[in-house]
1. Percent of alpha carbon pairs in the chain separated by more than 24 Å?
2. In percent, how large is the relative contact order of segment 8-96, given Cα pairs closer than 8 Å and 6 or more residues apart?
3. In a Gaussian network model over the chain where Cα atoms closer than 10 Å are linked, find which of 55, 21, 41 has the largest mean-square fluctuation.
4. If you take every DSSP beta bridge fully contained in the chain, what fraction is antiparallel? Give it as a percent rounded to 5.
5. Which value, in debye to the nearest 20, describes the size of the charge dipole of the chain about its Cα centre when Lys and Arg Cβ atoms bear +1, Asp and Glu Cβ atoms bear -1, and nothing else is charged?
6. Under 5 Å between amide H atoms, partner at least 5 residues away or on a different chain: which partners does residue 29 have, H built in plane at 1.01 Å?
7. Beyond 25 Å between alpha-carbons counts as too far, so tell me which of 18/42; 22/89; 18/49; 22/78; 18/75 fall in that bin.
Amino acid sequence: MGPVLVTEDEFERPPVLKITAKVNGELRQSSSTSLLIHGIAKVICELTKGMTLKAGTIIATGTPAGVGLGFNPPKYLKSGDVVECEIEKIGVLENTVE
């Protein structure tokens, strides 16, 4: 998780933030939280039907279009690739594939 965790009071409702992912500097994904297949409110509603969400609960929402399988030929991640994921107003998380 990271680069930081934020609370809902730090954003407008619903949050509309740009999301990007780069692999070795190549832009692979560019989207917005407004384009999530299942909006945050819906995800929370569904989760709370079967469990209680406690303070600090982290919810992962998935990925926008642009995954490696969608390219022709596919562009799978390989050892040494550097993946940068950025959400506007939150920051960049960088990981190296091993």
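Taken together, the values in this text are just the output of simple stated rules run on the coordinates, not laboratory data. Since the model is a prediction, treat every value here as computed from it, not as a measurement. Every residue, glycine among them, receives a Cβ derived from its backbone with ideal geometry; neighbour counts consider all protein chains shown.
1. Working: 1440 of 4753 pairs.
The calculated P(r) of the chain puts 30 percent of pairs beyond 24 Å.
2. On the way: 97 pairs, mean separation 29.6, N = 89.
Here the relative contact order equals 33 percent.
3. Sorting by GNM fluctuation, first place goes to 55.
4. Numbers: 17 of 17 bridges.
Around 100 percent of the beta bridges assigned by DSSP in the chain are antiparallel ones.
5. Numbers: 10 positive and 12 negative charges, 68 e Å.
Dipole about the Cα centre, nearest 20: 320 debye.
6. 21
7. Working: 18/42 20 Å; 22/89 17 Å; 18/49 29 Å; 22/78 14 Å; 18/75 23 Å.
Correct reply: 18/49.
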